[in-house]
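*Asks:* Mind looking over this structure? Questions follow.
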Amino acid sequence: MTAPLALRAGKVSYEGGSATLTFERFLRHPVEDVWDAITGSDHLERWYMTKALIDGRKDGRVELWSGSAQVHVTGRILTWDPPRVFEHERIMEPRKEIPSGERSVIRWELTPEAGGTLLRLTHTRLAPQMAVQIAPATHALLDRLENELDDAPLGDFPLKIAEVRSLYPPPGR
């Protein structure tokens, strides 16, 4: 049985002109399986809906093409410590939806625990307006990751985003 939505919610914190997203999820799967799901191209294509090229090493490149618009994200791998830590830049050139582009960092940390793995995802250096958009999508993607690992149906991504959006209000609310 899945925990109530609010208990699975991430945290959005704001400091200065920057925002940070933090999510923690306990996954009932070994750390090696979770690592494969967050770094393996076949898995990423299913649950993350992304074509991925990951040069698995420190200073290696990450290239992602996501969604129907094939939004292109690039970056350098900052930390590569299989199967524990994968940290990379997330760089998007300016476009209509993101006029200033994006230069943020995503860190995946996996800790083996009895019966599974604690996943901690931290997404830093986000513009506050981007954090408000990305937080519900990240929540929905982590639900899809869990479904992928459980061999369960992945569910409707836009519907899940709509379902969790109220958990991530804009700053000041």
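The values are calculated or read from the model by the stated rules, or taken from the named source; none is laboratory data. From a predicted model like this one, the values you see are computed outputs, not experimental measurements. Cβ: placed from backbone, ideal geometry, glycine included. Neighbour counts: every protein chain shown.
*Asks:* What do you reckon, is Val132 modelled with pLDDT under 95, of a type in the set (Val, Ile, Thr) and either in a helix (DSSP H, G or I) or crowded, with 17+ Cβ neighbours inside 10 Å (or both)?
*Replies:* Criteria met by Val132.
*Asks:* Looking at (1) under 26 Å from Arg8 (Cα atoms); (2) free of Cβ contacts under 8 Å to residues at least 12 places away in the same chain; (3) touching a strand residue (DSSP E or B) at 6+ places or on another chain (Cβ under 9 Å), which is the one condition that is false for Asp42?
*Replies:* (3)
Yes/no per residue for (1) outside any strand (DSSP E or B); (2) of a type in the set (Gly, Ala, Ser):
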| site | (1), (2) |
| --- | --- |
| Ala6 | yes, yes |
| Glu24 | no, no |
| Leu53 | no, no |
| Lys58 | yes, no |
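*Asks:* Condition test on Ser104, is it among the hydroxyl-bearing types (Ser, Thr, Tyr) and within 15 Å of the chain's Cα centre (by Cα)?
*Replies:* Yes: the conditions hold for Ser104.
*Asks:* While we're on this one: Among the residues of region 60-84, which ones are assigned to a loop (DSSP other than H, G, I, E, B) and aliphatic (A, V, I, L, M)?
*Replies:* Ala69
*Asks:* Can you find, within region 103-127, the residue that is modelled with the lowest pLDDT among those that are buried (at least 16 other Cβ atoms within 10 Å of the Cβ) and over 18 Å from Glu87 (Cα atoms)?
*Replies:* Ala127
*Asks:* Tally time: how many residues in region 140-166 are over 22 Å from Asp36 (Cβ atoms) and buried (at least 16 other Cβ atoms within 10 Å of the Cβ)?
*Replies:* The total comes to 5.
*Asks:* Please tell me if Phe23 is closer than 22 Å to Asp156 by Cα and either modelled with pLDDT of 95 or more or touching a strand residue (DSSP E or B) at 6+ places or on another chain (Cβ under 7 Å) (or both).
*Replies:* In short, yes.
*Asks:* Hey, another quick one. In region 65-76, what count of residues is obtained for those that are over 15 Å from the mean Cα position of the chain (by Cα) and closer than 12 Å to Ala52 by Cβ?
*Replies:* 1
*Asks:* Moving on. Among the candidates Leu53, Leu44, which residue alone is surrounded by fewer than 15 Cβ atoms within 10 Å (Cβ to Cβ) and not polar (S, T, N, Q)?
*Replies:* Leu53
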